[in-house]
Amino acid sequence: MVEEVAVVNPSLAIIAFQHCSVAARIGEWGSAAQKAQLLPRLANGTWLAASAWSEGGGRGGAGGPRSTAVREETGGWVLHGAKAFTTGACLADLYLVQVRDARPAVEPVPGGSPRPTFFVVPAAAEGLAADLGLDLAGMRGSATGTVSLTDCRVRDANRLGAVGAGQEIVAGAHRSGASLGAVAVGIAQAALDEVTGYAHRHGLMGRQSFRYRLAELTTRLEASRAMVERAGAGTAPRPDLATLHSKLFASTAAEDICLEAGRLMGSAGYSSESAMAGLLADARGVALMGPSNELCHRLLAVSLLGRDHAVAEEPDEEPEAAVFRI
């Protein structure tokens, strides 16, 4: 479904993917009360869900969140912090927010980062404010913005999973096989549709060199689609790695396909009347979204070499350009 939507509207596909991803996490880790209260409304479209994981400077992924949760004597929590690049900001009725327990006694994950905890926070919660101030080059219809948490009080019943179980929840998302690779495949398909239509209108299909270049692009698209479908089917020996591989490969291929398709169209691909420039910007956005391709490389390197070798010379934070997360 996500791929088909992305062919027509990549921004809407991103919003739909986020929504389904949050619903899946609630289905996997939610309490009986959370499932009964939230899932019916998410399933019938009454509520829209969004993820609020990313933080400026690349946090929210490999380095863990800066945003904190302070436990109150009443048993509730006070959330503080700011989330960047939240897709569906100001549209969502519900946010899945990643924070860290402010108490120092919580055992850190390997590498020294604090263990994250997830909360399901209603958009109407006092202290939560969403803003659409970000001006993105691509995915301009995705309502991607920021979410700030200022003395945002939530009940313990809003916690998803155990305190400090955030890494297990993220790992489960990777094992699910669902990735933004499906959006990338849809974008690449739209680019091929665009250049193929242009070729038919201008009589370019009679040129063997043109047909061969289209065949190469189509082959890369089909390889991406096969990887995404294999990851989704969960048939790989390591489903978590298959998810990362499929996202990394499909998003990289989508950028390459959009760029080459634009070249095949010549100056027409650079025209504002062509969808190609927008598709290329959208493909670049998928590469930055969660987990970013930078983080995919890092996690896959850890799986091949072990953590000590893979991160020995890495900085504590990812580049600012790699901050999108899901």
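Since every read-out is calculated from the coordinates, none of them should be taken as a lab result. It should be emphasised that the depicted structure is a prediction, and the values quoted were computed from it without experimental measurement. Here Cβ is always computed from backbone atoms with ideal geometry, including for glycine, and neighbour counts include all displayed protein chains.
Here are a few things to note about the model shown:
- Among the GluC sites (Glu not before Pro) within the range 216-284, those in coil by DSSP and having at most 15 neighbouring Cβ atoms inside 10 Å are 273.
- Solvent-free Debye calculation, one equal scatterer per alpha-carbon of the chain: log10 I(q)/I(0) at 0.06, 0.09, 0.10 Å⁻¹ equals -0.22, -0.48, -0.58.
- Less than 5 angstrom separates the built amide H of residue 94 from those of 48, 50, 123, all sequence-distant by 5 or more or on a different chain.
- Highest-first packing order for the peptide set 42-53, 232-243, 283-294 is 283-294, 42-53, 232-243, based on the mean count of other beta carbon atoms within 10 Å.
- Rounded to the nearest 20 debye, the dipole magnitude of the range 2-162 is 240 debye, with +1 charges on Lys and Arg beta carbons, -1 on Asp and Glu beta carbons, and the Cα centre as origin.
- Considered as an equivalent ellipsoid built on the Cα gyration tensor, the range 229-307 has semi-axes of 31, 13, 9 Å, the largest given first.
- Each listed q (0.10, 0.17, 0.22, 0.24 Å⁻¹) maps to a log10 I(q)/I(0) for the range 181-288, found by the Debye formula over equal Cα scatterers with no solvent: -0.29, -0.74, -1.06, -1.19.
- Packing around the peptides 22-34, 138-150, 84-96, taken as the average count of other Cβ atoms within 10 Å per residue, puts them in this order, highest first: 84-96, 138-150, 22-34.
- Binning the C-alpha pair distances of the range 2-162 at 5 Å intervals from 0 yields a P(r) profile of 2, 9, 18, 21, 21, 15, 9, 4, 1, 0, 0 %, listed from the shortest bin outward.
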